[in-house]
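J.: The following block contains the structure, expressed as structure tokens.
Laboratory data are not the source of any read-out in this text; all were calculated from the coordinates shown. Only a predicted model underlies this, so the values are computations on that prediction, with no experimental measurement involved. Here the Cβ positions follow ideal geometry from the backbone for every residue, glycine too, while neighbour counts run over all protein chains shown.
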Amino acid sequence: MAITNKYDDLHENWMVEEHENVISELLVSYNLQSTIVEIGSWKGRSAIFMLKKNEDIKLNCFDIWPNKT
């Protein structure tokens with residue numbers, strides 16, 4: 001399953017390489033029983049990044065998206 005969204009441009013340098021490497025190492029060690037909670041998702045780029053590294057994790061994202069009405 002391809003995991004994408006309209007903000008899926010990971011080439012925008014929004015994450016420093018050192019953080020990317022650390023998070024990648026952690027994610028490959030997680031299994032189907034692992035749940036990650038992300039607080040502050042904004043455009044969802046880190047969520048997409050994490051799911052691309054390990055599609056087996058459960059990921060819950062929370063944010064206060066402004067009401068657009």
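J.: Scan around residue 36 for amide H atoms under 5 Å from its own, H built in the peptide plane at 1.01 Å from N, and keep only partners 5 or more places away or cross-chain.
T.: Answer set, sorted by chain and number: 58, 59, 60.
J.: Between residue 25 and residue 62, how high is the FRET efficiency from 1/(1 + (r/R0)^6) when r is the Cβ-Cβ distance and R₀ = 30 Å? Nearest 0.05.
T.: Plugging the Cβ-Cβ distance into 1/(1 + (r/R0)^6) gives 0.80.
J.: Provide the per-residue ³J(HN,Hα) series for region 20-29, in order, calculated from phi with Karplus coefficients 6.51, -1.76, 1.60 and θ = phi - 60°, each as a whole number of Hz, with x at glycine and proline positions.
T.: Each residue's phi maps through the Karplus curve to give 4, 5, 5, 5, 4, 4, 5, 5, 5, 8 Hz.
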